């Protein structure tokens, strides 16, 4: 006689099958209720032994479906469970028509005795009846959902215990830790993960969420391999995360969790990006002087030089003006506030604002933009936060012009940048004088 064993846990399924085979029974196996129904469409076993808690279709629903099929409804059905162990669970099982309700673990001898007794009862026509109180789907769903809800309450309590354990172990880690289920619902995040993303991530949050959790689907394919991603925090800041996501596989080969470990690499990346930007800037400044020979006149030279240096240094704007007979002659400007250009046109070489930056020993200086605009009120000066990099154009020691470059607040210049700007200024002045 064949006994169908329905059990999602591979270890339990193989153990039960081994016991049955050693006692002379033939065995068929299914991993859940749906798998069992597929088997039952083709074959009719002499008995079914089923777990209750299984994915896709649990044991309660399986028995309910079997009782609807006339040719299968009289098959002896035994529940063998480790999770649904209360009297209410047993009542629902027997009401659905289960012949026996056994709780794991059980001694093999006792298990085989229960199977033998059940088969003997079946031989003499004793078949467990279906309780008339749950003949309708509404009645069944009411009882079934109550059992599931109670079980979820128990699991939630277990989850809270697990969370407390994880908090104890992982809360002070320097790296962020996130655990999700196979559907990417967040199960657990430690304190560091909350801090990195600048928000609380409640259990049940679905990933990805730009304000909650890293885009795990984009990196799951790189399991066990380091990766780096950008993430938007709850406060709309961008953080650079590096880390690794590993799948957790159960004994059946099924995915049960994703565990991700994340590190905030924002500070390190910013330093690296700043260094790379500085290197590009220095290389661009070094090459800029070599482009002057392509200009056909002084106007083209001035426009080309100003636009190129603003672009290379990623500045907000700039202006080139020449000094003629102690007066300022603006030649080209881009991106500067109109008031700055207007007031600069009114200045002379003797103006205090100009004299502040005319140190022959320091041909490159940086100062607040407000210092270059005379006549601003105190409140207007507060709103003008940009800095001005001033580059003197000198030919044989004599000042022939200046370049003002508008930079972001608190812009700093490295020694290499200052030297290259000085070199650029000398080449610019010489080339300009040749036209």
Only one of 53, 57 is closer than 30 Å to residue 182 by Cα, in contact with a helix residue (DSSP H, G or I) (Cβ under 9 Å, 6 or more places away or on another chain) and touching a residue at least 40 places away in the same chain (Cβ under 8 Å). Can you tell me which?
53
Number of positions in segment 323-372 that are part of a loop (DSSP other than H, G, I, E, B) and either under 51 Å from the mean Cα position of the chain (by Cα) or at negative phi (or both):
16
Which pairs do you get when a residue that is on the phi > 0 side of the Ramachandran plot, found in segment 185-214, comes within reach of a residue that is buried (at least 20 other Cβ atoms within 10 Å of the Cβ) and modelled with pLDDT of 65 or more, reach meaning Cβ atoms under 7 angstrom, with the pair 6+ apart or on two chains?
204/186
Can residue 27 be described as under 22 Å from residue 96 (Cα atoms) and not in a loop (DSSP other than H, G, I, E, B)?
no
Can you name the number of the only condition in (1) within 30 Å of residue 7 (Cβ to Cβ); (2) surrounded by 12 or more Cβ atoms within 10 Å (Cβ to Cβ); (3) at pLDDT 75 or above that residue 252 fails?
(3)
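Quick one: which of 221, 240, 258, 212 is at pLDDT below 75 and buried (at least 16 other Cβ atoms within 10 Å of the Cβ)?
From the options 221, 240, 258, 212, the qualifying one is 212.
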Among the residues of segment 183-196, is there at least one that is more than 18 Å from residue 247 (Cβ to Cβ), surrounded by 12 or more Cβ atoms within 10 Å (Cβ to Cβ) and at pLDDT below 75?
no
Residue 70 is checked against (1) out of contact with any helix residue (DSSP H, G or I) (no Cβ under 9 Å at 6 or more places or on another chain); (2) more than 21 Å from residue 97 (Cα to Cα) and fails just one. What number does that condition carry?
(2)
Evaluate the following for residue 284: is it touching a helix residue (DSSP H, G or I) at 6+ places or on another chain (Cβ under 6 Å), in a helix (DSSP H, G or I) and at pLDDT below 80?
yes
Please go through segment 14-43 and pick out each residue that is under 23 Å from residue 73 (Cβ atoms) and surrounded by fewer than 15 Cβ atoms within 10 Å (Cβ to Cβ).
26, 38, 41, 42, 43
In segment 83-96, which residues are in contact (Cβ under 8 Å) with a residue 24 or more places away in the chain and in a loop (DSSP other than H, G, I, E, B)?
83, 84, 86
Pick from segment 45-57 the residues that are crowded, with 21+ Cβ neighbours inside 10 Å and within 47 Å of the chain's Cα centre (by Cα): which of them is modelled with the lowest pLDDT?
54
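The values are calculated or read from the model by the stated rules, or taken from the named source; none is laboratory data. Only a predicted model underlies this, so the values are computations on that prediction, with no experimental measurement involved. With ideal geometry, Cβ positions are generated from the backbone for all residues, glycine too; neighbour counts draw on all protein chains shown.
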